[in-house]
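**Q** Take a look at this one; I'll ask things after.
The values are calculated or read from the model by the stated rules, or taken from the named source; none is laboratory data. Just so you know, these numbers come straight off a predicted model, no measurement behind them. All Cβ positions, glycine included, derive from the backbone under ideal geometry; neighbour counts span all protein chains shown. We work out accessible area using only protein heavy atoms, side chains counted, and drop any ligands, DNA or RNA first. Shrake-Rupley method; radii C 1.70, N 1.55, O 1.52, S 1.80 Å.
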Amino acid sequence: MSTLKFSADVKRRWDALTLYAESMDLTEYGLGILHPGCCIAILPEDGNPESDLGDDDLWYGVYLKTGADEDDNLYMKIVWFYTPDQAVSQLSSRKDRKLREIINALPPDELILSNHGDVIEQLSIN
């Protein structure tokens, strides 16, 4: 199993937060209870929620936990899914040739759990 990779900036942002909760109650938004390990779909900043959205218009990740800053703004620690094209673009060395072949054989709409972690605002999924 590979190690999750959080950039120094993301790690610094998360370390500045206070652990808020493992699970989040988002029923007021019609989303139910979010537990660690739940898959989430996120509309990118430049996305238009009023338009007809397809699966390709969203980003997908796995929720890990929630933290809060000193102003009680909530942030979520997540790990992203990649499409095959995104996953292949992350492979750099020749030793990844076999893995590249395996990924290229996947259907284009397949999602692959990456080791790319991030911290996003909780409002991103409302």
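**Q** Test of understanding: what is the full-extension gain from ARG100 to GLU22, defined as 0.36 nm times their sequence separation minus their Cα-Cα distance?
**A** 24.6 nm
**Q** Which whole-Hz couplings ³J(HN,Hα) result when phi for each residue of segment 115-120 is put into the Karplus expression 6.51 cos²θ - 1.76 cosθ + 1.60, θ = phi - 60°, listed in order with x for Gly and Pro?
**A** Ordered by residue, 3J(HN,Hα) equals 10, 8, x, 7, 10, 10 Hz.
**Q** In addition: Could you order THR27, THR83, THR66 so the one with the most accessible surface comes first? Probe is 1.4 Å.
**A** Values: THR27 85, THR83 45, THR66 0 Å².
Accessible-area ranking of THR27, THR83, THR66, largest first: THR27, THR83, THR66.
**Q** Along Cα→Cβ, 7 Å out, is where each label goes; now give me the distance between the ones at ILE33 and ILE112 in nm to one decimal.
**A** Reported label-point gap for ILE33 and ILE112 is 3.5 nm.
**Q** Here is a follow-up. Averaged per residue, what accessible surface does the chain expose to a 1.4 Å probe, in Å²? Write down the numbers at each step before the final one.
**A** Values: 8740 Å² over 126 residues.
Per residue, the chain has an accessible area of 69 Å².
**Q** May I ask you to compute the full-extension gain from LEU91 to LEU43, defined as 0.36 nm times their residue separation minus their alpha-carbon distance, rounded to one decimal in nm? Kindly include the intermediate steps, with their values, before the conclusion.
**A** Working: separation 48, 0.36 × 48 = 17.28 nm, distance 2.58 nm.
So the extension gain works out to 14.7 nm.
**Q** Just need the relative contact order of segment 1-124 here, percent rounded to a whole number, with Cα pairs under 8 Å and 6+ apart.
**A** Once divided by the residue count of segment 1-124, the mean separation gives 28 percent.
**Q** How large a share of the accessible area of the chain, in percent, is made up of carbon and sulfur atoms when the probe is 1.4 Å and the other protein chains stay in place?
**A** Percent of accessible area from carbon and sulfur atoms in the chain: 50.
**Q** Decide, for the chain, between rounded, prolate and oblate: order the square roots of the alpha carbon gyration tensor eigenvalues as a ≥ b ≥ c, take rounded if a/c falls under 1.5, and otherwise choose prolate if a/b is larger than b/c, else oblate.
**A** oblate
**Q** Could you work out the relative contact order of segment 53-116, using alpha carbon pairs under 8 angstrom and six or more residues apart, expressed as a whole percent?
**A** On the way: 75 pairs, mean separation 21.1, N = 64.
So the answer I get is 33 percent.
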